[in-house]
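Encoded as structure tokens, here's the structure I'll be asking about.
The values are calculated or read from the model by the stated rules, or taken from the named source; none is laboratory data. Please read these numbers as outputs of a predicted model, since none were measured by experiment. Note: ideal-geometry Cβ built from the backbone for every residue, glycine included; neighbour counts use all protein chains shown.
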Amino acid sequence: MTKIEAEDFSSKWMGAWNSHDLEAILDHYAEDIEFSSPFATRIMGTALISGIEALEEYFSRALERFPDLHFSHMNVFSGAQSVVLCYRSVDGLDAVETMVFNDCGLVHRVWAHYRETPDNAPIG
């Protein structure tokens, strides 16, 4: 993935989230998605989300729980078949997501990481 492709993906992904467009958000992910996030524990009771239907439920709940959700771009890094997005998330958390793409160009693995600061609560 080139730097331009990574930046384009990041822009579209963040735009979908910031517009709260669940369908546009899910368009980035493969049916067999494996999504790991300590933040998911708050909403789903588990850190690992498997499959597009479970991911849709998680994202839907997240959008309901955070009606003012807005992500702020911080940085993006490109890899061979992956991208790393760095952004400011909900609750003032600094977030980093490593996303691996399948051969169709859809995200099929995600590892989300968060840095707690004195201004935000624990994630789990």
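For region 57-85, which residues satisfy the criterion of being free of Cβ contacts under 8 Å to residues at least 40 places away in the same chain and buried (at least 17 other Cβ atoms within 10 Å of the Cβ)?
Result: 58, 59, 62, 84.
Is region 52-64 home to any residue that is in contact with a Lys or Arg (Cβ under 7 Å, 6 or more places away or on another chain), among the charged types (D, E, K, R) and within 23 Å of residue 103 (Cβ to Cβ)? Steps first, answer last, please.
Initial filter on region 52-64 (in contact with a Lys or Arg (Cβ under 7 Å, 6 or more places away or on another chain)): none.
For region 52-64, residues in contact with a Lys or Arg (Cβ under 7 Å, 6 or more places away or on another chain), among the charged types (D, E, K, R) and within 23 Å of residue 103 (Cβ to Cβ): absent.
Another question, if that's okay. Out of curiosity, is residue 84 modelled with pLDDT of 95 or more, aliphatic (A, V, I, L, M), assigned to a strand (DSSP E or B) and under 16 Å from residue 1 (Cα atoms)? Working first, answer last.
Values: modelled with pLDDT of 95 or more: yes; aliphatic (A, V, I, L, M): yes; assigned to a strand (DSSP E or B): yes; under 16 Å from residue 1 (Cα atoms): yes.
Yes, satisfied.
I'd like to know if region 6-24 contains one or more residues that are surrounded by 13 or more Cβ atoms within 10 Å (Cβ to Cβ), touching an Asp or Glu at 6+ places or on another chain (Cβ under 8 Å) and closer than 18 Å to residue 100 by Cα.
Taking every residue of region 6-24 in turn, none turns out to be surrounded by 13 or more Cβ atoms within 10 Å (Cβ to Cβ), touching an Asp or Glu at 6+ places or on another chain (Cβ under 8 Å) and closer than 18 Å to residue 100 by Cα.
If you don't mind, another one. I need the full set of residues from region 49-75 which are within 18 Å of residue 107 (Cβ to Cβ), within 13 Å of the chain's Cα centre (by Cα) and not in a helix (DSSP H, G or I), in order please.
Residues satisfying the conditions are 49, 71, 73.
Could you count how many residues in region 56-95 are touching a Leu at 6+ places or on another chain (Cβ under 7 Å) and not small (Gly, Ala, Ser)?
Counting residues in region 56-95 that are touching a Leu at 6+ places or on another chain (Cβ under 7 Å) and not small (Gly, Ala, Ser) gives 6.
Another question, if that's okay. Please go through region 12-39 and pick out each residue that is touching a residue at least 24 places away in the same chain (Cβ under 8 Å) and either among the small types (Gly, Ala, Ser) or more than 20 Å from residue 81 (Cα to Cα) (or both). Steps first, answer last, please.
Kept after step one, since they are touching a residue at least 24 places away in the same chain (Cβ under 8 Å), are these residues of region 12-39: 13-14, 17-18, 20, 22, 25-26, 28-30, 32-39.
Matches in region 12-39: 17, 18, 20, 22, 30, 36, 37, 38, 39.
Tell me which of these residue 83 doesn't satisfy, since it passes every other one: (1) more than 26 Å from residue 116 (Cβ to Cβ); (2) within 12 Å of the chain's Cα centre (by Cα); (3) hydrophobic (A, V, I, L, M, F, W, C).
With (1) more than 26 Å from residue 116 (Cβ to Cβ); (2) within 12 Å of the chain's Cα centre (by Cα); (3) hydrophobic (A, V, I, L, M, F, W, C) applied to residue 83, the lone miss is (1).
Within region 88-104, can one find any residue that is more than 26 Å from residue 2 (Cα to Cα) and in a loop (DSSP other than H, G, I, E, B)?
There is at least one residue in region 88-104 that is more than 26 Å from residue 2 (Cα to Cα) and in a loop (DSSP other than H, G, I, E, B).
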